[in-house]
Amino acid sequence: MNSSRKKVLAGVAAAGLAAALLASGCSTTVESTPGAAKALESGGPLPSSVTGFLGPDASKLAPGPEGGAALVWINPDAQWASYTRIQLMPVEFWAAADSKVPAADQATLTEYFYNQLQTNLAKSFTLVDQPGPGVMTLRVALMDATTAVPGLRTISVIVPQARVLNLAQSMVTDSYAFVGSAEAEMKLTDSVNGALLVEAVDQRAGGMGLKSAASFQWGDAQNAMDYWAQKIPNRISQLQGKTQS
């Protein structure tokens, strides 16, 4: 077989692989390892953004289950059946002092996250604005977010050869090229006595789903928030023994 024919076949194979990957519907976001998880693994101190938001209870965090949050703690004594309503607090932003996220963008991101959480929680729970018996208080914070590189992000998802190279890189670096990310933490407490019911820390980065191809700079962070806004209500429902549709 001559060299030109080999090149043609190699190109066809690469394009075929990319087409197959496109057809498989890769995830819009993928798991990433937050700094807190790396700190626990190495025995170092947790980031101040975690201890500041979660307080002393942050020391209870442990690696989460497959498919769940990176770090989590669930109160084994929680009486889940006694809770019927949720008080959702405004989403906070707890990044380091040298965060590259402008204040205006912090406000936009947290407002978006709050609205998505509110919409999804309302599908399964009664939302209230005051503490009381049978009320859980949900607090959520964005710990940080990074931007995608929009033009190159699109190319890396749509163009077959670039997509194959990007997927190959992810196997080595554990991250795709030109993607953005977001890191968040949450805690669920009894609204009356403040008893901690659940706390978690998670991080998501941009995936190779077609939805993220035409992403604007915060598109990957937005997709991560959409993921959490669905995951949090579902997980609370599971803890209460409710069947998920």
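Go through region 80-94 and give me each residue that's assigned to a loop (DSSP other than H, G, I, E, B) and aromatic (Phe, Trp, Tyr). Passing the criteria: Tyr83, Trp94. Taking every residue in region 104-128 that is closer than 16 Å to Glu185 by Cα and pairing it with any residue that is open to solvent by 40 Å² or more (accessible area, probe 1.4 Å) and of a type in the set (D, E, K, R), at least 6 positions away or on another chain, the pairs with Cβ-Cβ distances below 7 Å are Thr110/Glu92.
Yes or no, residue by residue, for (1) open to solvent by 30 Å² or more (accessible area, probe 1.4 Å); (2) assigned to a helix (DSSP H, G or I); (3) within 27 Å of Met225 (Cβ to Cβ); (4) modelled with pLDDT of 65 or more:
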{"position": "Gly11", "(1), (2), (3), (4)": "yes, yes, no, no"}
{"position": "Leu17", "(1), (2), (3), (4)": "yes, yes, no, no"}
{"position": "Ser27", "(1), (2), (3), (4)": "yes, no, yes, no"}
{"position": "Phe53", "(1), (2), (3), (4)": "no, yes, yes, yes"}
{"position": "Ser59", "(1), (2), (3), (4)": "yes, yes, yes, yes"}
{"position": "Gly67", "(1), (2), (3), (4)": "yes, no, yes, yes"}
{"position": "Ala78", "(1), (2), (3), (4)": "no, no, yes, yes"}
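Of the residues making up region 40-51, those that are touching a helix residue (DSSP H, G or I) at 6+ places or on another chain (Cβ under 9 Å), in a helix (DSSP H, G or I), of a type outside the set (Val, Ile, Thr) and open to solvent by 30 Å² or more (accessible area, probe 1.4 Å) number 0.
Kindly indicate whether any position in region 105-126 is open to solvent by less than 50 Å² (accessible area, probe 1.4 Å), part of a strand (DSSP E or B) and more than 21 Å from Gln203 (Cβ to Cβ). Checked against the condition, which is being open to solvent by less than 50 Å² (accessible area, probe 1.4 Å), part of a strand (DSSP E or B) and more than 21 Å from Gln203 (Cβ to Cβ), region 105-126 yields no hits at all. Taking the criterion of being aromatic (Phe, Trp, Tyr) and in contact with a strand residue (DSSP E or B) (Cβ under 8 Å, 6 or more places away or on another chain), the residues of region 87-120 that qualify are Phe93, Trp94, Phe113, Tyr114. Checking the stated criteria, Ala97 turns out to be aliphatic (A, V, I, L, M), exposed (fewer than 14 other Cβ atoms within 10 Å of the Cβ), out of contact with any helix residue (DSSP H, G or I) (no Cβ under 7 Å at 6 or more places or on another chain) and part of a loop (DSSP other than H, G, I, E, B).
The values are calculated or read from the model by the stated rules, or taken from the named source; none is laboratory data. Since the model is a prediction, treat every value here as computed from it, not as a measurement. No Cβ is skipped: glycine too gets one built from the backbone with ideal geometry, and neighbour counts run over all protein chains shown. Ligands, DNA and RNA are excluded from the accessible area calculation, which covers all protein heavy atoms including side chains. Shrake-Rupley method; radii C 1.70, N 1.55, O 1.52, S 1.80 Å.
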